[in-house]
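The values are calculated or read from the model by the stated rules, or taken from the named source; none is laboratory data. What you are looking at is a predicted structure, and each value in this text was computed from that prediction instead of being measured. Quick reminder, even Gly has a Cβ in these numbers, built from the backbone with ideal geometry, and neighbours come from all protein chains shown. Side chains included, ligands, DNA and RNA excluded: accessible areas come from the protein's heavy atoms. Shrake-Rupley method; radii C 1.70, N 1.55, O 1.52, S 1.80 Å.
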Amino acid sequence: MKRGIRVTLLVLAVVLIISELVYGIPFLGGSIVLSLGWQPLLINALLYFIMVIILIVDKQNSIKPMVVIPLLGVVGSFLAFIPIVGMVVHWILFFLLLFFIFILLSTPLYIPDKYAKVIYTEDRRKNH
């Protein structure tokens, strides 16, 4: 995984984990979501969808199976329209995002070396 993609995923995950934390508080989260006309849930679904696209498109990605968490986030954002179910969904997504951030921080970075040379001939291999 390249550094820019990792930073982008980390920023999106931190924004989403803060929103899931706030929306998961029993009466506060519900009042915020209802007062804004369920718009925060659509914004969360959009941010999760952006994470899915980034994880699918990245070629140097070593955590492709983790695309399941943002997919669950998209589905969970639409399930959260149901009031009591939404609170539980936000709690579950909070812990899944916490796990996602820990995995993201532990993935190796791809750093290209422009001075690296590969030698494929037998003559050079015998001399070294």
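Of the set (1) over 20 Å from Leu109 (Cβ atoms); (2) under 9 Å from the mean Cα position of the chain (by Cα), all apply to Leu36 but (2). Of all the residues in segment 5-43, those that are surrounded by 12 or more Cβ atoms within 10 Å (Cβ to Cβ) and small (Gly, Ala, Ser) number 5. Going through (1) of a type in the set (Lys, Arg); (2) surrounded by 12 or more Cβ atoms within 10 Å (Cβ to Cβ); (3) touching a helix residue (DSSP H, G or I) at 6+ places or on another chain (Cβ under 7 Å) one by one, Lys2 falls short only on (3).
Restricting the search to segment 21-33, which residues are free of Cβ contacts under 8 Å to residues at least 40 places away in the same chain and assigned to a helix (DSSP H, G or I)? I'd like the intermediate steps shown before the answer.
Kept after step one, since they are free of Cβ contacts under 8 Å to residues at least 40 places away in the same chain, are these residues of segment 21-33: 22, 25, 27-28, 31-32.
Listed by number, the residues that qualify are Val22, Phe27, Leu28, Ser31, Ile32.
Taking every residue in segment 1-20 that is in contact (Cβ under 8 Å) with a residue 12 or more places away in the chain and pairing it with any residue that is open to solvent by less than 20 Å² (accessible area, probe 1.4 Å) and charged (D, E, K, R), at least 6 positions away or on another chain, the pairs with Cβ-Cβ distances below 6 Å are Ile5/Asp58. Which of the residues spanning segment 44-63 are part of a helix (DSSP H, G or I), more than 13 Å from Phe100 (Cβ to Cβ) and either open to solvent by less than 90 Å² (accessible area, probe 1.4 Å) or of a type in the set (Gly, Ala, Ser) (or both)? Scanning segment 44-63 gives Asn44, Ala45, Ile50, Ile53.
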